[in-house]
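The values are calculated or read from the model by the stated rules, or taken from the named source; none is laboratory data. Predicted, not measured: the structure shown is a model, and the values here were computed from it. Virtual Cβ from ideal backbone geometry, glycine too; neighbours counted across all protein chains shown.
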Amino acid sequence: KTPRPHYQEGRQDATETSSARATSFVPGIPLYRLHSFPLLPLHLKTLSNSAVATSGFRRQSTVTSARFTLNSDVYKLHEGTTGASLGSGPPLEGEITREEMTGMYSLMAAIRELETKAGDLYLEKIIRGFLHRCNGQEASIVGLESALTPGDELITAYRCHGYTHTRGVSVKEIMAELAGKATGCSKGKGGSMHLYGPHYYGGNGIVGAQVPLGAGIAFTNKYNETGKICVTLYGDGAANQGQVFEAYNMAALWKLPCLFVCENNLYGMGTSSTRSSACPEYYTRGHYIPGIWVDGQNVLAVRTATQWCADYIRAGNGPLVMEQFTYRYYGHSMSDPGKSYRSATEVKGVRETRDPLKKCEELALELNLMTSDEIKAIKKDAAKTAEEAVEFAHSSPHPPPADLYAHIWWSRTK
Amino acid sequence: MTEMILREAVTKALREALEDDRVFIMGEDIGAYGGAYAVTRGFLDEFGPERIMDTPISESVIVGAGVGSALAGLRPIVELMTINFSLVAIDQIVNHAAKLRYMSDGQFSVPLVIRTVTGGGGQLAATHSQSFENWYASVPGLKVAVPATPYDALGLFRAAMKDDNPILFAEHSLLYGMRGEVPDEWYEIPFGQADIKRKGNDVTIVAYSRMTHVALQAAAMLEEKGRQAEVIDLRTLRPWDKETVLESVRKTNRVVVVEETWKTGGFSGEIASTIQEEAFDDLDGPVARVGGLDVPAPYNGTLEAAAIPNSERIIKALSDNYGI
């Protein structure tokens, strides 16, 4: 039997640290190639290019880039039997620039505000039907996205507003779509669960059905030799769908460039992961597919893990299964208060000790990449953007009646 | 008589069913969560986790294990959260539940009730707003119930639990709050018996599920124009009550069939075809059909409403076909 290739060749070994700490800026070559953030909203470019704050106090000044070290407990590995050995897995050290950190934090803040304001619009009955919000999962979303390159593909389930924005759809267009207006990204035809964008295939309402789709998207990329990967997301509830296992098998067999990502927020609607799953270690559910568990509330950990996984897959090793260990603050949807199946103490506990935005702020301040004034300004900006999006949604027109029949079919003549 | 809403009628029916030890319920979020539509609220505490089983999100095995459990002697009630998700389990429903008795020449029965929620109009968008009971009604070996009132829901469910055949029991998502009177004494409604919800001599409106109520609205509008409509609620699609429909058509000579699902391939075609085959000479004009427009359900509320039959379209269909 030929031995499985060892993926760690050429990669540095992770070093153990007893606690997460920021190392001071060391100019020079980064530890490994870091992908630049694919999409930096325009207003943030201004922010990140602004002069580094100077004052008499060292704490007030920011650096343009910093090295970071993560706790060893941010990852867990499942070796599997296909593809390549994981070795020691993603590194615990990395480098992050001020621009990257600011960009990630801004996106997280934007998502937080979008979701919060969307809830208000729902209570006003401007948004109807289903609304599944992702407050609490921002680091998983943004950390993952920040590690992808332009052209990488992504598909997810119905808790999709965050990814829709990171994939490049404006908060305005999302809010308008949620309100069913003609200016929405699906022209009012799709709604909350059916948001799409370039290299972004939704937004899917049928639990688990997006996973075979993701395998297919990965297949196209392999067939066309694009060098791109498809990130295929699903939740802990969906992880028990048969079609997920069919997708695993095909992806492993045909070495599809698919990164399966289980967003484990501990509950599938009202059923906890331990009540639905004989094996709630979702990163091991790919069985023969190697898997990585990551602390989904730490944006740097998610980013680093995703970069490593993407590199692994791009090298032609076939799929991986990543589990993002995260949490949703709100209930399953607006009709679910989220209280009948979990305790208020638990929710409060996560908000206080594992809030992804707070964690990101702490990291940014500790690494001297941002100041607290900048953080405040970003939050204010995000609130303003969401507010403007709400006004846009209110004032936008409904789709015209003829749109009822638009785009059922492709047609040669149209 | 007791007044109750449709949800309460189904809850009552389930409680009665659970008096038989061979009955258990399984489905997604039916226990701890109380049911996605609150039908089984309190059941977990009342009946315990051995009989009220929260399942993973695995429709194929929910139905498949339901079939297996029924084959081996229990009388399961399985829930598919909506009929949209039944597509994930359609093989188990159509190829297994419906056919095992036939293929074994009667050696096995599948006394399985599949409860599900059907219909749209709640702005849940294309994949969450469908009504497939007509598809299942095409399958020999399956029975399909589509109650529109609390009285019908309770009566039909009682009959379903006594039936050793696999039954799809489709409750409409927007009808759970529908009020109605239910007798305190025991009653049952056999499958294949339609209900004349409103008597009339001028025109027959055949409908089922939520469209029964839309038909009744149309009947009220027709009455203002001096026309008396007879509204027939089919209550079950397989078997369906052909005789009641034909008898009415022979009396009124004008008929419109109303259905929420897409007109193309809808069960209304089956009904219209049967009427013209067996009561051709009694018709003053072609059988009218009003169905859902042939579009995926859009999210936007105005567009969505335009795609679902309403009383105006029923009136227009009658005017177009019969000049009334």
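Quick check: anything in region A:267-284 more than 14 Å from chain B (Cβ to nearest Cβ), more than 27 Å from B:Gly31 (Cα to Cα) and assigned to a strand (DSSP E or B)? The answer is no, given that none of the residues of region A:267-284 is more than 14 Å from chain B (Cβ to nearest Cβ), more than 27 Å from B:Gly31 (Cα to Cα) and assigned to a strand (DSSP E or B). Listed by first and then second residue, the pairs with beta-carbon distance under 6 Å, at least 6 apart or on different chains, first residue in region B:49-60 and in the same structural domain as B:Arg22 (by TED's automatic domain parsing) and assigned to a helix (DSSP H, G or I), second among the small types (Gly, Ala, Ser) and buried (at least 16 other Cβ atoms within 10 Å of the Cβ), are B:Glu59/B:Ala89; B:Ser60/B:Ala89. Give region A:57-70 a look and list any residue that's at pLDDT 95 or above and of a type outside the set (Val, Ile, Thr), or say none. Result: A:Ser65, A:Ala66, A:Arg67, A:Phe68, A:Leu70.
Here A:Ile127 fulfils each of the conditions (1) hydrophobic (A, V, I, L, M, F, W, C); (2) part of a loop (DSSP other than H, G, I, E, B); (3) more than 19 Å from B:Pro298 (Cα to Cα) apart from (3). The condition of being free of Cβ contacts under 8 Å to residues at least 24 places away in the same chain and not in a helix (DSSP H, G or I) does not hold for A:Lys380.
For A:His287, the conditions (1) under 21 Å from A:Lys76 (Cα atoms); (2) crowded, with 19+ Cβ neighbours inside 10 Å; (3) not polar (S, T, N, Q) are fulfilled apart from (2). Cβ-Cβ contacts under 7 Å between residues 6 or more apart (or on different chains), taken from a first residue in region A:101-125 that is touching a residue at least 24 places away in the same chain (Cβ under 8 Å) and over 30 Å from A:Thr371 (Cα atoms) to a second residue that is part of a helix (DSSP H, G or I) and not charged (D, E, K, R), are listed as A:Leu121/A:Leu178; A:Leu121/A:Val390; A:Leu121/A:Ala393. Taking the criterion of being closer than 22 Å to A:Asp152 by Cα, surrounded by 21 or more Cβ atoms within 10 Å (Cβ to Cβ) and more than 7 Å from every other protein chain (Cβ to nearest Cβ), the residues of region A:182-196 that qualify are A:Cys185, A:Ser186, A:Leu195.
Regarding B:Ala72, is this residue in contact (Cβ under 8 Å) with a residue 24 or more places away in the chain and either buried (at least 24 other Cβ atoms within 10 Å of the Cβ) or more than 14 Å from chain A (Cβ to nearest Cβ) (or both)? Taking the combined requirement at face value, the residue does not satisfy it. The C-beta contact set for region B:124-136 (first residue within 14 Å of chain A (Cβ to nearest Cβ), second residue surrounded by fewer than 21 Cβ atoms within 10 Å (Cβ to Cβ) and among the aliphatic types (A, V, I, L, M), distance under 6 angstrom, 6+ apart or interchain) comprises B:Thr127/A:Ile206. Given the options B:Ala36, B:Ala9, name the one that is of a type in the set (Gly, Ala, Ser), part of a helix (DSSP H, G or I), crowded, with 21+ Cβ neighbours inside 10 Å and at pLDDT 95 or above. Checking each option against the conditions leaves just B:Ala9.
With respect to the conditions (1) facing chain A (nearest Cβ under 10 Å); (2) crowded, with 24+ Cβ neighbours inside 10 Å; (3) within 16 Å of B:Ala36 (Cβ to Cβ), B:Asn84 lacks only one, and its number is (2). Among the residues of region B:27-45, is there at least one that is more than 14 Å from chain A (Cβ to nearest Cβ) and within 26 Å of B:Arg101 (Cα to Cα)? Scanning region B:27-45 turns up no residue that is more than 14 Å from chain A (Cβ to nearest Cβ) and within 26 Å of B:Arg101 (Cα to Cα). For region B:250-298, filtering for residues that are assigned to a strand (DSSP E or B) and either away from chain A (no Cβ under 14 Å) or free of Cβ contacts under 8 Å to residues at least 24 places away in the same chain (or both) leaves 11.
When the test is whether a residue is of a type in the set (Val, Ile, Thr) and outside the structural domain of B:Val39 (by TED's automatic domain parsing), B:Val214 passes it. Checking each residue in region B:153-168 for being touching a Ser or Thr at 6+ places or on another chain (Cβ under 7 Å) and within 23 Å of B:Leu87 (Cα to Cα) picks out only B:Leu168. Here A:Tyr341 qualifies as under 27 Å from A:Ala239 (Cα atoms) and part of a loop (DSSP other than H, G, I, E, B). Using the structure shown, decide if A:Ala344 is within 22 Å of A:Ala110 (Cα to Cα) and away from chain B (no Cβ under 14 Å). No.
In this structure, A:Ile155 qualifies as touching a strand residue (DSSP E or B) at 6+ places or on another chain (Cβ under 9 Å) and in contact (Cβ under 8 Å) with a residue 24 or more places away in the chain.
In this structure, is B:Thr204 under 19 Å from B:Ala9 (Cβ atoms) and surrounded by 19 or more Cβ atoms within 10 Å (Cβ to Cβ)? No; evaluated as a whole, the condition is false for this residue.
For region A:388-414, filtering for residues that are surrounded by 13 or more Cβ atoms within 10 Å (Cβ to Cβ), away from chain B (no Cβ under 14 Å) and either part of a loop (DSSP other than H, G, I, E, B) or under 27 Å from the mean Cα position of the chain (by Cα) (or both) leaves 4. For region A:202-225, the criterion of being buried (at least 21 other Cβ atoms within 10 Å of the Cβ), among the β-branched types (Val, Ile, Thr), touching a helix residue (DSSP H, G or I) at 6+ places or on another chain (Cβ under 6 Å) and in a helix (DSSP H, G or I) is met by at least one residue.
For region A:131-169, residues that are crowded, with 24+ Cβ neighbours inside 10 Å, among the hydroxyl-bearing types (Ser, Thr, Tyr) and farther than 20 Å from A:Gly119 by Cα total 3. Every listed requirement among (1) more than 30 Å from A:Asn204 (Cα to Cα); (2) more than 14 Å from every other protein chain (Cβ to nearest Cβ) is met by B:Asn95 save one, (1).
Filtering region B:234-249 to residues that are in contact with a Phe, Trp or Tyr (Cβ under 7 Å, 6 or more places away or on another chain) and either without any contact (Cβ under 8 Å) to a residue 40 or more places away in the chain or not assigned by TED's automatic domain parsing to the domain that holds B:Val206 (or both) leaves nothing.
Residue selection: A:Pro356 fails the criterion of being within 14 Å of another protein chain (Cβ to nearest Cβ), closer than 24 Å to A:Ala109 by Cα and not basic (Lys, Arg). Checked against the criterion of being outside any loop (DSSP other than H, G, I, E, B), among the small types (Gly, Ala, Ser), surrounded by 19 or more Cβ atoms within 10 Å (Cβ to Cβ) and free of Cβ contacts under 8 Å to residues at least 60 places away in the same chain, region B:313-320 has no qualifying residue.
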